[in-house]
1. What base-10 log of the normalised intensity I(q)/I(0) is obtained for the range 194-242 from the Debye formula, alpha carbons as equal point scatterers, at q = 0.15, 0.24 Å⁻¹?
2. Give me, ordered by chain and number, the residues 5 or more places off Ile6 or on other chains with an amide H under 5 Å from its own placed amide H.
3. Among all lysine pairs in the range 221-289 that are eight or more places apart or on different chains, how many have alpha carbons less than 24 angstrom apart?
4. Round to the nearest 10 and give me the degree value, 0 to 90, for the angle of helix 366-376's Cα axis relative to the longest principal axis of the chain.
5. Please sort by residue number the GluC sites (Glu not before Pro) in the range 257-309 whose DSSP state is loop and whose Cβ has at most 15 other Cβ atoms within 10 Å.
6. What are the semi-axes of the equivalent ellipsoid for the chain, taken as the square roots of 5 times the Cα gyration tensor eigenvalues, largest first, in whole Å?
7. Using a cut-off of 19 Å between alpha-carbon atoms, which aspartates and glutamates can reach Lys213, once sequence neighbours fewer than 8 places away in the same chain are excluded?
8. Please determine, in degrees from 0 to 90 and to the nearest 10, the orientation of helix 333-347 with respect to the longest principal axis defined by the Cα atoms of the chain, where the helix direction is its Cα long axis.
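The values are calculated or read from the model by the stated rules, or taken from the named source; none is laboratory data. Just so it is clear, the structure is predicted and the values come from calculations on it, not from any experiment. With ideal geometry, Cβ positions are generated from the backbone for all residues, glycine too; neighbour counts draw on all protein chains shown. These area figures cover heavy atoms from the full protein model, side chains too; ligands, DNA and RNA do not enter into them. Shrake-Rupley method; radii C 1.70, N 1.55, O 1.52, S 1.80 Å.
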Amino acid sequence: MFNYIIVGSGFAGSVIAERIANVLNKKVLVIEKRSHIGGNCYDYRNKDGIIIHKYGPHLFHTNYKEVFDYLSNFTDWRIYYHKVLAFIDGKKVPIPFNFNSMDILFPEILSKKLQEKLLKKYPYGAKVPILKLKKENDKDLKFLADFVYEKIFKNYTIKQWGKRPEEIDSEVTARVPVCIGRDDRYFDDKYQALPEEGYTKIFERMLSHPNIKLMLNTDFKEIMKVDLKGKKIYFLGQEFKGKVIFTGMIDELFAYKFGMLPYRSLDLHLEVIEKEYFQEVAVVNYPNDYDFTRITEFKHIHPIKTNRTVILKEYPKDYDPERDIPYYPFFDKAAREVYAKYQELAERFDHLILVGRLAEYRYYDMDDVIKRSLEVFEERIR
Ligand code: UDP
């Protein structure tokens, strides 16, 4: 019999399953609703051998040495610095917006003047969230802030979230600051690298252990029942006394008792193009043109020599539980209050642990989820 049941085989579920199997040498059942492991990090090779991130681009980056070291047990790495361009007024400029972007978009004299003014205020290399830059009083910096806000952030955010930047949590737009300098890299983390053979291989190596039993194509509701009154979880009709680690949507776990939490979803359109390359870098953002937010070209992420290339367009939309995959929790004040109720309910279950983007309703990056899962294992499972 199992001591542990894990719902979901994304990073949260897979890391904890691997730790239980290897460190504790205990048996664990992993239940996965989809026909594959890895959650939204799942990738595969198409017939040309191009690695495709099925659920959109995943670029690993972290400052947590422990996370990088841990993942290194399951993969070799290829150094990769993610670069993004944004299509603005017919030109492609580096994002995060920086001095190079200014040089492309503004006349030389203006660009120089703005850079000098910025350097009087901020140290070289500083990262300034757009909503902070918008508070500048100096008229030139105000011009710059308004320009960047209008051309880079406003319409992209409306497409992505259905709201304006100032209507959503300020942390969200702060993920992509304005950079005081000429570093074109999207991330500034200490460790930036991609798994040599893609992400799915990492999950396969984590989960292939005699202590781990994996059930694909299985919705937790088919085999588990949550007794909201008695605060118990039943597995195949019997009360389950071991620990349940749930990494799915917290509102679904509790049968939407306090209502549905809002999520944003995506329609993803994959296209095969009959030429060697489609665009200059892995990701090009389209804040103001078209209905999609960005185009990813996978050959830049996992280089391979082929005559064809594959691109992915992302069309954001509200999440519909009947049809869609929840990609992003959308947390405004009201959503946070609903989440707090679910969280409080979860705490009243003795052996239930919630981990991950959906279960904790947080905009976690991959490294955040892995760090959190390792901590949860040490603190609540080990
Ligand atoms: N953002 C924007 N314009 C851009 C890039 C990002 O307005 O060109 C904002 C937008 O609100 C987005 C957020 O910054 O949702 C975070 O962007 P990130 O690239 O981190 O999003 P993810 O890759 O997680 O979808």
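1. -0.62, -0.92
2. Amide H to amide H, under 5 Å and 5 or more residues apart or across chains, Ile6 pairs with Leu29, Val30, Ile31, Ile245.
3. The number of close lysine pairs in the range 221-289 is 20.
4. 40 degrees
5. Working: sites: Glu271, Glu274, Glu276, Glu280, Glu297; in loops: Glu274, Glu276, Glu280.
Sparse-neighbourhood loop GluC sites (Glu not before Pro): Glu274, Glu276, Glu280.
6. Values: eigenvalues 307, 117, 74 Å².
Semi-axis lengths for the chain are 39, 24, 19 Å.
7. Glu18, Glu32, Glu204, Glu222
8. That helix lies at roughly 30 degrees to the long axis.
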